[in-house]
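Written below as structure tokens is the structure these notes are about.
The values are calculated or read from the model by the stated rules, or taken from the named source; none is laboratory data. Bear in mind that the values here come from a model prediction, so they are computed numbers and not experimental data. Don't worry about glycine lacking a Cβ; one is built from the backbone with ideal geometry, like all the others, and counts go over all protein chains shown. We work out accessible area using only protein heavy atoms, side chains counted, and drop any ligands, DNA or RNA first. Shrake-Rupley method; radii C 1.70, N 1.55, O 1.52, S 1.80 Å.
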Amino acid sequence: MNEKDQYESLACNCVEVGTIIKEDDTVLTIDLSGVNAESRFDDLKEEAAKIGSGNCKISSEIVDENGQTVIRAMFEFDCTAEKLIFQMKNPG
């Protein structure tokens, strides 16, 4: 007998977008270290200002991690889409 499972999906590897992209996921934190950390942070600030509304709120703090100075940069975008666009334009 050839019975179909009522929960069987014909599509492979599909998920609801809402399970991956959360509506309120608008804050991105990036840790920068090394000799070019300040320059990289300046570049990221410029890039963030170009995304969407251009209203990204940017803050930072200097932290010590295992004896190394790190710039912890926080970017708060107006919406999740802006954050995702920024991440895609500035990988790793």
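A few comments on the model shown:
- Note on Val70 and Val27: with the Förster distance fixed at 25 Å, the Cβ-Cβ geometry gives a FRET efficiency of about 0.90.
- Accessible area in the full protein assembly, largest first, 1.4 Å probe, for Met88, Met74: Met88, Met74
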